[in-house]
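Worksheet for the structure shown next.
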């Protein structure tokens, strides 16, 4: 479904761009425009550079946020595995209870906070699973120095786990502001539209150039939209690390 929407968006941009050009071509003789190609070329180069710099800046910012979210997911998975391993240092039945609550947390994340998540506050089910994990941890009373050392280590990892969840959920809040989309859209329209005012005797070649420019613009906007919505669409972030670690700790 997402691919169909993406193709429809690109096709729509190309159709509108080419149709507008052909309508203009019928109204204005290309020979009149051809006289100003040198001046238009200079102005078009300035517009292209400014828009290209803007696009590059936005892509870098969005990509950095996207890769940061990926690293957070990997770190969260690593911490789950570390807590599961460190539980070996504790006596039964606390060891089994801690691992059981940890599996429950990992499973709830996969079930409720991966595909299509919309609420930046996260899932209430995951919060309950995390609270249950904390409650199990807090009820244990260390009996000797070895228990106290590992108990403190688990505390650090649980705090890190809760922090990574908050960072992961923050990925839903980091969208490009509306004004940025407006600027990108208007800038793209101006860049495509300015290409209409070059005078060429070969209409087909001009149409193909405009179509290529429109495709490039549409793909760039689509890329930015996908990367700025990491929980859905074509740019959905990969939750494989969490799924893999769930399998390792014995989840269903």
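So the values come out like this:
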{"item": "Search result, residues across segment 157-166 that are loosely packed, with under 15 Cβ neighbours inside 10 Å and closer than 23 Å to residue 227 by Cα", "result": "163, 166"}
{"item": "Those residues of segment 121-132 which are at pLDDT below 90 and surrounded by 12 or more Cβ atoms within 10 Å (Cβ to Cβ), in sequence order", "result": "122, 123"}
{"item": "Qualifying residue in segment 194-211 (condition: modelled with pLDDT of 90 or more, closer than 30 Å to residue 76 by Cβ and touching a helix residue (DSSP H, G or I) at 6+ places or on another chain (Cβ under 9 Å))", "result": "no"}
{"item": "Number of the condition not met by residue 244 [criteria: (1) surrounded by 16 or more Cβ atoms within 10 Å (Cβ to Cβ); (2) modelled with pLDDT of 90 or more; (3) closer than 30 Å to residue 171 by Cβ]", "result": "(1)"}
{"item": "Residue match in segment 92-104 (condition: surrounded by fewer than 18 Cβ atoms within 10 Å (Cβ to Cβ), without any contact (Cβ under 8 Å) to a residue 60 or more places away in the chain, in a loop (DSSP other than H, G, I, E, B) and within 15 Å of the chain's Cα centre (by Cα))", "result": "no"}
{"item": "Filter result for residue 118 (at pLDDT below 90, closer than 25 Å to residue 167 by Cα and not assigned by TED's automatic domain parsing to the domain that holds residue 190)", "result": "yes"}
{"item": "Check on residue 55, within 14 Å of residue 228 (Cα to Cα) and at pLDDT 90 or above", "result": "yes"}
{"item": "Search result, residues across segment 26-35 that are assigned to a helix (DSSP H, G or I), touching a residue at least 12 places away in the same chain (Cβ under 8 Å) and out of contact with any helix residue (DSSP H, G or I) (no Cβ under 6 Å at 6 or more places or on another chain)", "result": "30, 31, 32, 34"}
{"item": "Within segment 213-224, tally of residues that are within 25 Å of residue 70 (Cα to Cα) and crowded, with 16+ Cβ neighbours inside 10 Å", "result": "5"}
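Residues are listed down the side, and each one gets a yes or a no for (1) out of contact with any helix residue (DSSP H, G or I) (no Cβ under 8 Å at 6 or more places or on another chain); (2) over 22 Å from residue 231 (Cα atoms); (3) surrounded by fewer than 10 Cβ atoms within 10 Å (Cβ to Cβ):
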{"position": "3", "(1), (2), (3)": "yes, no, yes"}
{"position": "15", "(1), (2), (3)": "yes, yes, no"}
{"position": "24", "(1), (2), (3)": "no, yes, no"}
{"position": "37", "(1), (2), (3)": "yes, yes, no"}
{"position": "67", "(1), (2), (3)": "yes, no, no"}
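Condition check ((1) surrounded by 18 or more Cβ atoms within 10 Å (Cβ to Cβ); (2) part of a helix (DSSP H, G or I); (3) touching a strand residue (DSSP E or B) at 6+ places or on another chain (Cβ under 7 Å); (4) assigned by TED's automatic domain parsing to the domain that holds residue 24) across all residues:
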position	(1), (2), (3), (4)
134	no, yes, no, no
143	no, no, no, no
146	no, yes, no, no
168	yes, yes, no, no
186	no, yes, no, yes
199	no, no, no, yes
207	no, yes, no, yes
211	no, yes, no, yes
232	no, no, no, no
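The values are calculated or read from the model by the stated rules, or taken from the named source; none is laboratory data. None of these values were measured; they are calculated from a predicted model. When we count neighbours, we look across all protein chains shown, and the Cβ atoms used for this are built from the backbone with ideal geometry, even at glycine.
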